[in-house]
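Notes follow the structure.
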Amino acid sequence: MSTSPSLERTSGDTRDRILDIALELFTVKGYEKTSLREIAERLGFSKAAIYYHFKSKEDILFALHMRLHAFGLGALDGPLSTNNSPTEWTAFLYQLIDQVLEHRALFILHERNRAALDALHNERHGAEHDDLEARLQAAFSDQKVKLEDRVRMASAFGAILGGLVLVGNVFADTSSDDLRAQFRMIVNDIMRTGA
């Protein structure tokens with residue numbers, strides 16, 4: 001017997017609300033210091049209602065991690081499946097900047113809860129992460145693209161990851177528009193596109 005579309009939508013909406021509240025609490029308080037009871041109270045639920053959607057707090061963290069993982073896989077579809085020209089990479093990097101800024105909360109969650117996520121990542125999956133790395137390495141080692149261009153592509157990609165992801169919430173008080181403008185200038189400088 002299948003469930004009705006309205007029941008599936010409600011279940012999905014509830015699951016997303018749980019994840020959104022957990023994202024906020026895990027980011028502000030930390031994963032270790034947030035209880036399922038706090039998440040349930042913020043939602044006006046019982047813990048049993050959360051258990052209907054997630055078996056554990058760890059499952060909630062993993063679902064948040066997979067949101068970011070899905071973003072990463074989608075973000076790399078562009079230039080990694082087409083021509084690796086500097087012009088295409090510049091357009092891709094602009095898009096990547098926009099997407100990272102749109103998902104800032106997930107990146108901040110990762111930086112603030114790195115130990116818990118590292119343990120979870122090692123336990124639950126690794127092949128998908130390896131696939132992302134393999135796709136990047138293939139793009140940066142494509143011998144059809146000049147070495148100078150490949151180094152620029154890798155450096156611009158690293159500048160975005162370093163400046164928007166690895167530094168956590170250093171720029172939390174800076175508007176997304178200001179960050180977007182700054183990182184686009186950096187991409188232009190590295191790629192020498194002048195776009």
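Details
- Charge tally around PHE107: other residues with Cβ under 12 Å, Lys/Arg +1 each, Asp/Glu -1 each, net +2.
- With a simple spin-label model that places each label point 7 Å from the Cα along the Cα-to-Cβ direction, the separation between ASP16 and VAL151 comes to 4.6 nm.
- Taking label points 7 Å from Cα along the Cα-to-Cβ direction, ALA134 and ALA115 give a separation of 3.3 nm.
- Extension gain, ALA48 to GLU102: 0.36 nm times the residue separation minus the Cα-Cα distance gives 16.2 nm.
The numbers here are math on the coordinates, done by the rules we state, and not lab data. Nothing here was measured: the structure is a model prediction, and the numbers come from that model. Positions of Cβ are generated from backbone atoms using ideal geometry, with glycine treated the same way; all protein chains shown enter the neighbour counts.
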